[in-house]
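Everything on this sheet refers to the single structure shown next.
The values are calculated or read from the model by the stated rules, or taken from the named source; none is laboratory data. Note that the structure is a prediction, hence the values are computed from the model and not measured. FYI the Cβ positions are ideal-geometry reconstructions off the backbone, even for glycines, and counts take in every protein chain you see. Each accessible area value is taken on the protein alone, full model and side chains, heavy atoms only, with ligands, DNA and RNA left out. Shrake-Rupley method; radii C 1.70, N 1.55, O 1.52, S 1.80 Å.
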Amino acid sequence: METQQLIALDNQHVWHAYSAIGADLPIFPVASANGVHLKLADGRELIDGMSSWWSAIHGYNHPVMNAALRAQIEKMSHVMFGGLTHEPAVELATRLVELTPAPLQTVFFSDSGSVAVEVAMKMAIQYWHAKGQPTKQRFLTLRNGYHGDTFGAMSVCDPVTGMHSLFSEVLAQQYFVDAPTCRFGEMSGGDEIEPLKQQLEQHGAQIAAVILEPIVQATGGMNFYSADYLRRVRALCDEFNVLLICDEIATGFGRTGKLFACEHAGISPDIMCLGKALTGGYLTLAATLTTEKVSGTISQSEPGLFMHGPTFMANPLACSAALASLKLLTESDWSANVLRIELGLKSGLAPCCELAAVADVRVLGGIGVVELNEPVEMKTIQPLFVEHGVWVRPFGRLVYLMPPYVISDEDLVELSAAVVRVVESL
Ligand SMILES: *Cc1c(COP(=O)(O)O)cnc(C)c1O
């Protein structure tokens, strides 16, 4: 298909993420992707700064990942996950339990991050039901959060950016507190946790769980907050008999400098959601992990089953991709590598601090954020990045980078320099 025709048909028939049909926004057909480079249909090559939304941590077209998928496809691509089981799923579950903080013990596989969040919320509700406390059906969460696009997940997304008013008749009413302002690396004073504590005091009898993104609030504002705050949340959940759900869908698998962001605080949640980088960006797969306490309680009380079961649960291809991705990650010196990227982003983005358009520059692990004073105009800024040879997709006032871990020092310098030049030109 000719590129122009492809773009015209795309514009006419295809929805993209948070898009409009016929809006005539710039769109860039990709012909192939290799390592940290996206090759556009017109022949241009871009350095990828997004890892396809946090997922492609080993870059694209990785020979080890490709080989793992080829081997699995020759055995079976999918079988139902009711009454049948298979080695890729069992091996992956065992590996995830080993890698995540104790006492997470059991794994529920699903097909996307949003569904992993739905599953986590259902687990929390079923847990309290099984404990004879069926009034605990609501959730307490932080503003500026993002947990996905399905209805349960939406109900705990930031009410403003999640457009709650649009869906007010159907969204479950949850409890919100302001996001912590105390930055990562700082101690959080007792005051900051007070609103959360008050909500638990007032509504604890209705609250099944606190759900939050640990350390990094990603899509809802790229807020890097204090590990101390997270420790206090954990302690309050225990004090008020509420479960803690850590949504590590964006932060998991090393992105923040720890394998899982909750390790910064030395805490473990009762339920953890994983997705995005789980399969190294190859296929869609997510996992909801929980403790023996939660899974045992659900399983031993009426109805004696956890009420969820997606058609493509534990897809063997996706599980094989995840196993290969985890092997690549854990057999590499990933933590030194993420630190290398952190230092590269810090020095590369530093010139942005001087620019008039910039409100703040912050870096944590493999995440670099340039916060602007004004929201970007996507229509103009997106082609600018492409002209500068990089793939960066800002939202609102945030220009952010989370490149694949395989990015070379040279590409990292070029990627950061391109961001500086584009922001300079605003
Ligand atoms: C992306 C994301 C989700 C949703 O995952 P999908 O796979 O897009 O459904 C949920 N929570 C967090 C923290 C995310 O970053």
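Remarks
- Qualifying residue in segment 94-106 (condition: in a helix (DSSP H, G or I), more than 16 Å from the ligand (Cβ to nearest atom) and loosely packed, with under 14 Cβ neighbours inside 10 Å): yes
- Among (1) hydrophobic (A, V, I, L, M, F, W, C); (2) without any contact (Cβ under 8 Å) to a residue 40 or more places away in the chain; (3) under 21 Å from Y146 (Cα atoms), the one test that V370 misses: (2)
- Within the option set A208, A172, A153, A179, being buried (at least 19 other Cβ atoms within 10 Å of the Cβ) and more than 16 Å from the ligand (Cβ to nearest atom) holds for one residue only, A208.
- When I47, I27 are checked against the criterion of being touching a residue at least 12 places away in the same chain (Cβ under 8 Å), out of contact with any strand residue (DSSP E or B) (no Cβ under 7 Å at 6 or more places or on another chain) and not hydroxyl-bearing (S, T, Y), I27 stands alone in meeting it.
- Screening the candidates L289, L323, L285 for the property of being in contact (Cβ under 8 Å) with a residue 60 or more places away in the chain, touching a Leu at 6+ places or on another chain (Cβ under 6 Å) and either surrounded by fewer than 24 Cβ atoms within 10 Å (Cβ to Cβ) or of a type in the set (F, W, Y) (or both) yields one hit, L323.
- Scanning segment 116-134 for residues that are at negative phi and more than 16 Å from the ligand (Cβ to nearest atom) yields I125, Q126, Y127, W128, H129, A130, K131, Q133, P134.
- Residues in segment 225-281 that are within 11 Å of the ligand (Cβ to nearest atom) and either of a type outside the set (V, I, T) or in a loop (DSSP other than H, G, I, E, B) (or both): 15 in all.
- Residues of segment 49-89 satisfying the condition of being within 16 Å of the ligand (Cβ to nearest atom) and part of a helix (DSSP H, G or I): S51, S52, W53, W54
- Residue match in segment 64-85 (condition: open to solvent by 70 Å² or more (accessible area, probe 1.4 Å), within 22 Å of N337 (Cβ to Cβ), not assigned by TED's automatic domain parsing to the domain that holds G252 and not β-branched (V, I, T)): no
- Selection status of V90, more than 20 Å from the chain's Cα centre (by Cα), more than 25 Å from M272 (Cα to Cα), in the same structural domain as S325 (by TED's automatic domain parsing) and open to solvent by 30 Å² or more (accessible area, probe 1.4 Å): no
- Residue match in segment 11-30 (condition: open to solvent by 60 Å² or more (accessible area, probe 1.4 Å), away from the ligand (no atom under 16 Å from the Cβ), farther than 30 Å from G344 by Cβ and assigned to a helix (DSSP H, G or I)): yes
- Annotation: of all residues in segment 186-203 being more than 16 Å from L140 (Cα to Cα) and surrounded by fewer than 12 Cβ atoms within 10 Å (Cβ to Cβ), the one that is nearest to the chain's Cα centre (by Cα) is M187.
- Filtered residue count, segment 135-150, keeping only those that are within 12 Å of F176 (Cα to Cα) and either open to solvent by 10 Å² or more (accessible area, probe 1.4 Å) or within 16 Å of the ligand (Cβ to nearest atom) (or both): 7
- Qualifying residue in segment 346-357 (condition: in contact with a Pro (Cβ under 7 Å, 6 or more places away or on another chain), more than 28 Å from H62 (Cα to Cα) and surrounded by fewer than 23 Cβ atoms within 10 Å (Cβ to Cβ)): no
- Tally, over segment 34-55, of residues that are open to solvent by 60 Å² or more (accessible area, probe 1.4 Å) and aromatic (F, W, Y): 1
- Any chance M307 is more than 16 Å from the ligand (Cβ to nearest atom), out of contact with any His (no Cβ under 7 Å at 6 or more places or on another chain) and assigned to a loop (DSSP other than H, G, I, E, B): yes
- All of A208, A153 fail the test of being part of a strand (DSSP E or B) and touching a helix residue (DSSP H, G or I) at 6+ places or on another chain (Cβ under 8 Å), apart from A208.
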